[in-house]
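No lab work stands behind these numbers, since they all come straight from the coordinates. Since this is a predicted model, take the numbers as computed values, not measurements.
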Amino acid sequence: MDLLLGSLSEAELALVREADPGRLADLDEDALIELHTRVRRARNKHVKVYRRRAAARVAEAGGRGKARPQNSRKRAKAEVFETILATVSRHLALAAQASAESFEAERLADEREARGVSADLPPVVRLKPQRDDRRPKSVELRKRHASTRAKGARRQARKDSR
């Protein structure tokens, strides 16, 4: 990774430095949103460049497998920015959750105050939804479920075409 960081431009390297977890902890939600946007744009740029170069090299190399090693640096750059984007996204999600919780606590306190209820009462307990998410969790179950649905759709299409 150090070799790859040495090949980044100064602007890209500054973006990588800004996404350091130590620096991210000091940023507020608005600054995290702005950084997230810049990192996402850089990631999209490098992914686009990688895909275009890879597609162009397939014809001259004679196949995708043969062209893949020739484009490894572009792929590695895209992976670096993908990793950075994931880190910034996690920090942004935590900041947004904390902000939402503080707004909710503020709103509930205002409502209690408006109703004349003491703030010493415990907060309202939220009930769990009655139904759980019953969608398949594992990859194999999702594939089997999709296969079954596709089979049914093909069967219905045959009946409809009669």
Inset, instruction - Calculate for the chain the 222 nm mean residue ellipticity that helices alone would give, adding -39,500 (n - 2.57) per DSSP H run of length 4 or more and normalising by residue count, nearest 500 deg cm²/dmol. - result: -25000 deg cm²/dmol
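Taking Cα pairs under 8 Å and at least six residues apart, what relative contact order does the range 2-98 come out at, in percent? If you can, show how the numbers build up before the last one.
Numbers: 63 pairs, mean separation 39.4, N = 97.
Relative contact order comes out at 41 percent.
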Legend entry - Table column - 3J(HN,Hα) (Hz), the range 96-101, Karplus curve with 6.51, -1.76, 1.60, x for Gly and Pro: 5, 5, 5, 5, 5, 5
Legend entry - Percentage, to the nearest whole number, of Cα pairs in the range 2-98 over 23 Å apart: 34 percent
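Can you list the equivalent-ellipsoid semi-axes of the chain, largest first and in whole Å, using the square root of 5 times each Cα gyration tensor eigenvalue? List each step's numbers first, then the result.
Working: eigenvalues 363, 237, 28 Å².
Three semi-axes, in Å: 43, 34, 12.
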